[in-house]
Amino acid sequence: MTDTVAATAAKITDMTIRGAGRIARAGAEAMLGFATEYQGNDLEAFKKEVRRACDTLVASRPTAVSLWNGVHATVRGLDEAETVDRAREIIVKNAEEFVRRSNEAVSVIASIGAKRISDGDTIMTHCNSSVAIGVITEAHRQCKDVKVYATESRPWRQGLLTVRDLDDAGVDTTLIIDSAVRSVMAKVDKVFVGADTITAHGAVINKIGTSQLALAANEARVPFYVCSETYKFSPMTIYGDMVAIEERDMSEVVKAGEIPERVKVFNPVFDATPAKYIDAIITEVGMIHPAAVYSILSKQLGDSVLKEE
Ligand code: RI2
């Protein structure tokens, strides 16, 4: 395995590289780096190293299926290669195509989602979703008067990144602590969040606390939109696989010595929002109902999705 793969996997694990879309593109680019750097002419040995590289990258953050999809998109059609050079070409081409389409999807979602923002709207968003932020800043670029409440999103406090991103774009932004969500929801017209993984039955796995925004929005009759590229849809959940919810170290929640030694800290970094709390998923193929996820997945995967045991 090359240094590029190990270095990228380490940066995804320690969240130097974070965000479901960014880690997917980083995974694809790491596979491109692997293919370019690989020395050797034995095709079977190359394919073995490719599998190791894929496994290392996918294991670096278990919840976001975007990473799995981004990495595995680069090896599509590899079985047809008869030489290492041809296999290398296939990976490089697939990786470049994935990154291009991923960036394109983010801008298509921005233009579709911005249509759902009216002049004068107050929006709430959670964590630091580049796709949800793209929708909001596109509406602002269209001279719509938009105000945003961004949650702090403990424990990583990605909300501080969001308020910086929005302020840089000139958007009127207010930071709130996560426990203020339900009381602030009374001032909110729409909620826009991102996604790490969306299951075949339309549940959305996103930063911990997202389901609380959805509950509060549902109670207040505030539309709740998820902004997500379709490579965040999970093929494995078609067969009933559960999405692994990553748990991270207690040091992200409390400092050493802050609490008694015997006290445990449970630090799940994602949660699941059931489809019934989601008004629409804004994707690069259009605004869809959560119930449409399966048909899009099966269309993208072709018949294989129905055959696999
Ligand atoms: P974009 C992030 O996870 C957040 O949960 C965010 O909503 C999601 O990925 C999607 O991000 P983390 O990497 O792809 O901060 O919309 O744990 O940027």
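The table that follows gives values for the structure above.
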{"read-out": "The chain: radius of gyration and largest Cα-Cα distance (Dmax), Å", "value": "20.2, 64"}
{"read-out": "Rounded FRET efficiency, nearest 0.05, which uses the C-beta distance separating GLN142 from ALA244 and R0 of 30 Å", "value": "0.20"}
{"read-out": "The chain: calculated mean residue ellipticity at 222 nm from DSSP helix runs of at least 4, using -39500 (n - 2.57)", "value": "-13500 deg cm²/dmol"}
{"read-out": "Cα gyration tensor category, rounded, prolate or oblate, for region 183-309 with a/c compared to 1.5", "value": "oblate"}
{"read-out": "Efficiency of FRET between ALA186 and MET236 - r from beta-carbon atoms, R0 35 angstrom, step 0.05", "value": "0.35"}
{"read-out": "For region 235-249, Karplus couplings with θ = phi - 60° (6.51, -1.76, 1.60), whole Hz, Gly/Pro x", "value": "x, 5, 6, 4, 9, x, 4, 8, 7, 5, 8, 4, 10, 10, 4"}
{"read-out": "Helix axis angle, 43-58 relative to the chain longest principal axis, alpha carbon, degrees", "value": "10"}
{"read-out": "Cα-based Rg of region 1-133 normalised by 2.2 N^0.38 Å, two decimals", "value": "1.21"}
{"read-out": "Rounded tilt (10° steps) of 3-13 against the dominant C-alpha axis of the chain", "value": "20"}
{"read-out": "Segment ARG157-ASP55, length gained on full extension (0.36 nm per residue, minus Cα span)", "value": "33.8 nm"}
{"read-out": "For GLU89, net neighbour charge (Lys/Arg +1, Asp/Glu -1) across residues whose Cβ lies under 15 Å away", "value": "-2"}
{"read-out": "Folded to 0 to 90 degrees: helix 20-37 orientation relative to the chain principal axis, Cα", "value": "20"}
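Each reported figure results from applying straightforward, stated rules to the coordinates on display, with no laboratory input. Predicted, not measured: the structure shown is a model, and the values here were computed from it. Note that each Cβ is placed from the backbone with ideal geometry, even for glycine, and that neighbours are counted across all protein chains shown.
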